[in-house]
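These notes are about the structure you will find just below.
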Amino acid sequence: MRGSAAGPSCLETNDWICGEYLRTRSQELVDATVQHLGITAVSVAIGLLIAFPLALVARRWRGAAGPVLGLTTVLYTIPSLAMFALLTPVFGVSAAVVVTGLVLYSLTILVRNILAGLQAVPAEVREAARGMGYGPARLLCEVEVPLALPALVAGLRIATVSTVAMTTIGSVVGYGGLGNLIASGMAGFFKAEVLTASVLCVLLALLADLLLMGLQRLLTPWTRAQGRAAARARRGARVAKAGG
């Protein structure tokens, strides 16, 4: 036996950091990671598709803003275990339970940020676009949404990172991605499994945030130009003040 010839292996001694665990359970880790990514991506995408029209409704009719924001806030306050329990009779024990719950949780963040971004578009910019013949749809797509992108992507980043974390709770119905490994590792006090799955979960959240940050920089190049212009203006003001 390998353990008796060269001493006990890290699996036998149940170490937190164990290279042998990575080698022998690599496919299990890959499968859990793929499931985790899939549930997260689908949940955030559906949440964004629902949140955008809700934000438009809240902006168009001010009387609807309170109920829309209030409803999404109430949904966010429901404990995750209770949410999954309420959804199980509808969807059965399936990934749909987890996805639906995560979609509902993402709405409060996405709706608020999209609405804030759209409301921050200067009124004079809208009036100038209307004066140039822009209709409502063109005004929204070509003027308002691009200017609202920083707030929209900021909300998307928060929603994505929180969804990566909350996907692990789906382990209660067997669809938690890396959460399944964390739960099974905790049940058997399998240290390497718990630590490895937890670290992978954190890395997924960091990677998703960095990718969305890069996407924001790619889609909003004018924000960098504005930042550089503001920095030059501040330097010029300091020089002028020093010279005066």
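Springs between Cα atoms under 10 Å define the GNM used for the chain, and in it the highest mean-square fluctuation of Ala41, Ala82, Ala51 occurs at Ala82. Residues of region 150-181 falling in the label zone of Val202, defined by backbone nitrogen less than 15 Å from a point 7 Å along Cα to beta-carbon, are 165. Annotation: for a label point projected 7 angstrom from Cα along Cα→Cβ of Phe189, residues of region 8-32 with backbone N closer than 15 Å are 12-16.
Extension gain for Ile17-Ala64 works out to 11.7 nm (0.36 nm per residue, less the C-alpha to C-alpha distance). A 1.4 Å probe over all protein chains sorts Ile46, Ile39 by accessible area into Ile46, Ile39, starting with the largest. The length gained on full extension between Ser94 and Val57, counted as 0.36 nm times the residue separation minus their Cα-Cα distance, comes to 10.2 nm. Simple rule: put +1 on each Lys or Arg Cβ and -1 on each Asp or Glu Cβ in the chain, find the dipole, and look at Thr33, Asn14, Leu140; the Cα lying farthest toward the positive end is Leu140. Net length available on complete extension from Ala116 to Ser9 is 33.0 nm, with 0.36 nm assigned per residue and the Cα-Cα distance removed. Computed on the Cα atoms alone, the convex hull of the chain gives a volume of 201 cubic angstrom per residue. Between Ala165 and Tyr76, the distance separating the two model label sites (each 7 Å from Cα on the Cα→Cβ line) works out to 1.3 nm.
In the chain, a dipole from Cβ-located charges (positive for Lys and Arg, negative for Asp and Glu) runs towards its positive end, and of Gly70, Leu118, Ala205 it is Leu118 whose Cα lies farthest in that direction.
Scanning the chain for DSSP H helices at least 24 Å long along the axis (C-alpha atoms) with a Kyte-Doolittle mean no lower than -0.5 picks out 26-60, 95-119, 145-167, 191-219. Summing Cβ point charges (Lys, Arg +1; Asp, Glu -1) relative to the Cα centre of the chain gives a dipole of roughly 1440 debye. Residues considered: Gly133, Gly92, Gly19. Largest GNM mean-square fluctuation over the chain, using C-alpha springs under 10 Å, is found at Gly133. Computed over protein heavy atoms with a 1.4 Å probe, the carbon and sulfur contribution to the accessible area of region 122-188 reaches 67%.
The values are calculated or read from the model by the stated rules, or taken from the named source; none is laboratory data. Keep in mind the model is a prediction, meaning the values are calculated, not measured. With ideal geometry, Cβ positions are generated from the backbone for all residues, glycine too; neighbour counts draw on all protein chains shown. Note: accessible area is taken over every heavy atom of the protein model, side chains too, but ligands, DNA and RNA are not part of it. Shrake-Rupley method; radii C 1.70, N 1.55, O 1.52, S 1.80 Å.
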